[in-house]
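A short write-up of the structure that comes next.
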Amino acid sequence: QVQLVESGGGLAQPGASLKLSCAASGMTYSNYAMAWYRQAPGKQRDWVGTIFTTCNTNYANSMKGRFTISRENAKNTAYLQMNSLKVEDTALYSCKVFSNMGTYWGQGTQVTVSS
């Protein structure tokens, strides 16, 4: 059974950094690309970025420069490093893994940026 578990969210002050993790189980993780999304209260879910099996990455324009996605296949885990956090980064952050074998979502981890 495939399972994705996000962690690392919490309360942060503006300008701080957080590193989120997305741990996968029940799959051959190295065969899947992984994407991060976020959804702020009352807003649609937005794509943050994707890391492919090659470790190439793509980011939404608004995330470039502050957010970095990485992966550690040996740990079946991907990461989202978020720097210089802003109040508007407050959202539920979720990960998705996908390939031609299927698509799976995690439940998300809440990030709140507030002074």
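Give the residue list of chymotrypsin sites (Phe, Trp or Tyr not before Pro) in region 14-65 that are DSSP loop and have at most 15 other beta-carbon atoms within 10 angstrom.
Numbers: sites: Y29, Y32, W36, Y37, W47, F52, Y59; in loops: Y32, F52.
Those satisfying the criteria are F52.
Please work out the FRET efficiency for the pair S30 and Q81, using the Cβ-Cβ distance as r and a Förster radius of 22 Å; give the result to the nearest 0.05.
Efficiency computed from Cβ-Cβ geometry: 0.60.
Please compute the per residue accessible area over the chain with all protein chains in place, 1.4 Å probe, rounded to a whole number of Å².
53
Counting pairs on different chains as well as pairs 8 or more places apart, how many Lys pairs in the chain have Cα atoms under 17 Å apart?
Values: K19/K64; K19/K75; K19/K86; K19/K96; K43/K86; K64/K86; K75/K96.
Lysine pairs meeting the criterion: 7.
Test of understanding: what is the full-extension gain from S115 to A74, defined as 0.36 nm times their sequence separation minus their Cα-Cα distance?
On the way: separation 41, 0.36 × 41 = 14.76 nm, distance 3.68 nm.
Gain on stretching S115 to A74: 11.1 nm.
Using a 4.7 Å Cβ cut-off, which Cys residues in the chain lack a partner cysteine?
Singleton cysteines: C55.
Roughly what would the spin-label model give for E88 and A40, points 7 Å off Cα along C-beta, in nm?
Once both label points are built, they end up 0.6 nm from each other.
Give me the one-decimal Kirkwood hydrodynamic radius in Å for region 41-89, with the sum taken over alpha-carbon pairs.
Hydrodynamic radius (Kirkwood, Cα only) of region 41-89 equals 12.1 Å.
Determine the sum of side-chain charges near T109: Lys and Arg each +1, Asp and Glu each -1, restricted to other residues whose C-beta is under 15 angstrom from that of T109. Please list the in-between numbers first.
On the way: positive: K19, R38, R45, K96; negative: E6, D89.
Taking every other residue near T109 into account, the sum is +2.
What is the distance, in nm, between label points placed 7 Å from the Cα along the Cα-to-Cβ direction at T54 and at T103?
Reported label-point gap for T54 and T103 is 2.2 nm.
As a test of the definition: which semi-axes, in Å, follow for the chain when you take the square root of five times each eigenvalue of its alpha carbon gyration tensor? Largest first, please.
Gyration-tensor ellipsoid for the chain: 23, 14, 13 Å.
Trypsin sites (Lys or Arg not before Pro) within region 1-84: which are DSSP loop residues with at most 10 other Cβ atoms inside 10 Å? It would help to have the intermediate numbers written out before the result.
Details: sites: K19, R38, K43, R45, K64, R66, R71, K75; in loops: K43, K64, R66.
Within region 1-84, the qualifying trypsin sites (Lys or Arg not before Pro) (loop, at most 10 other Cβ atoms within 10 Å) are K43.
So, with a 1.4 angstrom probe, what is the percent of accessible area on the chain that is carbon and sulfur?
45
List, largest first, the extents of the alpha carbons of region 56-115 along their principal axes, each in whole Å.
For region 56-115, the Cα spread along each principal axis is 42, 24, 22 Å.
Please figure out what share of the DSSP beta bridges in the chain is antiparallel and state it in percent, rounded to the nearest 5.
So the antiparallel bridges amount to about 95 percent of the total.
The values are calculated or read from the model by the stated rules, or taken from the named source; none is laboratory data. Please read all numbers here as calculations on a predicted model, not as lab measurements. Every residue, glycine as well, gets a Cβ built from its backbone with ideal geometry; the counts of neighbours run over all protein chains shown. Accessible surface is based on the protein model in full, side chains and every heavy atom, while ligands, DNA and RNA are left aside. Shrake-Rupley method; radii C 1.70, N 1.55, O 1.52, S 1.80 Å.
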